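Below is one structure, written out as structure tokens, with a few remarks after it.
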Amino acid sequence: MKIVINGPESTGKTTLVEELSNHFDVDYLPEYARIYLEEYGPEYDESDLLSIAKSQHEIYQAKIKEIGTLIADTDLLNIKIWSEYKYGQCDPWIIKSLNENKPDLYLLCGVDIPWEFDTFRENPNDRAAIYDIYLREIKLLEVPYNIIKGSRAERKKLAIEAIEILKSQP
């Protein structure tokens, strides 16, 4: 089972991933883009996005084979959207890999919490528009999804309920 928490910057994805990992006692995959940028610096270009995508994909595939159930802080959809938003295009490898490796469930975090500064965040003003892009892209992928919004406790409750429903399906 592959569950991905996604959404615009500063929408509580990492906090939610950690809470769900603890609740369900499963490992989670951190956002690889953050790991990459922490190592190489906050400045990047379009070619870095492909490097990030390939490494994230490799780690994702190895982990799902190892443990079976996976909760991930973003996936290739995040890189696809950001690439198209920032550069007006996306490498075909990212699109192909995303379409071939869809999760079982997306949890899409809403923009109803305040944006917080972080060295690696760069877009505090367009979160609602970017959220709409995420929603459209998830619908195009035809993957089950739930919108996660509200307080931290409400978000956790909604996410747990969505995962429990997924787990109960044959």
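Taking a ≥ b ≥ c as the square roots of the eigenvalues of the Cα gyration tensor of the range 1-147, is the shape rounded (a/c under 1.5), prolate (a/b larger than b/c) or oblate?
Numbers: a/c = 1.26, a/b = 1.14, b/c = 1.10.
It comes out rounded by the Cα gyration axes.
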Self-check item: Accessible-area value, ASP112, 1.4 Å probe, nucleic acids and ligands omitted, Å²
Solution: 80
Practice problem: Determine the gain in length on full extension of the stretch ASP112-ARG136; use 0.36 nm per residue of separation and subtract their C-alpha separation, reporting nm with one decimal. | Solution: 6.8 nm
Quiz item: Rounded, prolate or oblate: which fits the range 109-170 when a ≥ b ≥ c are the square roots of the eigenvalues of the alpha-carbon gyration tensor, with rounded for a/c under 1.5 and prolate only if a/b beats b/c?
Solution: oblate
Practice problem: Please check which bits of the range 57-83 a label hung off VAL26 would reach, taking the label as a point 7 Å along Cα-to-C-beta and the cut-off as backbone N under 13 Å. | Solution: 63-73
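What net charge do the residues around GLU46 carry, taking every other residue with its C-beta under 9 Å from that of GLU46, with Lys and Arg at +1 and Asp and Glu at -1?
Numbers: positive: LYS86; negative: ASP45, ASP48, ASP91.
Local charge sum for GLU46: -2.
Rolling a 1.4 angstrom probe over the protein heavy atoms, how many square angstrom per residue are accessible across the chain? Could the numbers behind the result be given before it?
On the way: 8830 Å² over 170 residues.
For the chain, the per-residue accessible area is 52 Å².
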Quiz prompt | Theoretical ellipticity at 222 nm over the chain - DSSP helices of four or more residues, -39500 (n - 2.57) apiece, nearest 500 | solution = -18000 deg cm²/dmol
Exercise. For TYR145, enumerate residues with amide H under 5 Å from its amide H, sequence gap 5+ or separate chain, H modeled in the peptide plane.
Key: TYR106
Quiz item: How high is the relative contact order of the range 1-95, in percent, with contacts defined as C-alpha pairs under 8 Å that are six or more residues apart?
Solution: 42
Quiz prompt | Mean Cα-pair separation over length for the chain, i.e. relative contact order, pairs under 8 Å, 6 or more apart, % | solution = 34
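So if we plug the beta-carbon distance of TYR85 and SER51 into 1/(1 + (r/R0)^6) with R0 = 22 Å, what FRET efficiency do we get, rounded to 0.05? Spell out each step's value before the answer.
Working: r = 18 Å, r/R0 = 0.83.
Efficiency, rounded to the nearest 0.05: 0.75.
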Quiz item: Which lysines does LYS54 reach when only Cα atoms under 28 Å apart count, and residues fewer than 8 places away in its own chain are ignored?
Solution: LYS2, LYS13, LYS63, LYS65, LYS80, LYS86, LYS96, LYS102, LYS139
Quiz item: With labels modelled as points extended 7 Å from the Cα through the Cβ direction, what inter-label distance (nm, one decimal) is found for ILE35 paired with LYS167?
Solution: 2.5
Quiz item: Taking 0.36 nm per residue of separation and subtracting the Cα-Cα distance, what length does fully extending GLU66 through LYS96 add?
Solution: 8.5 nm
Quiz prompt | Using a Förster distance of 25 Å, the FRET efficiency for GLU58-ARG152 (Cβ separation, nearest 0.05) | solution = 0.20
Quiz prompt | Spin-label proximity, MET1 to the range 127-170 - amide N less than 19 Å from point 7 Å beyond Cα toward beta carbon | solution = 143-148, 155-170
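The values are calculated or read from the model by the stated rules, or taken from the named source; none is laboratory data. Source: prediction; values computed, not measured. Neighbour counts are summed over all protein chains in view; Cβ atoms, including those assigned to glycine, are modelled from backbone coordinates with ideal geometry. For accessibility, only protein heavy atoms count, side chains too; no ligands or nucleic acids. Shrake-Rupley method; radii C 1.70, N 1.55, O 1.52, S 1.80 Å.
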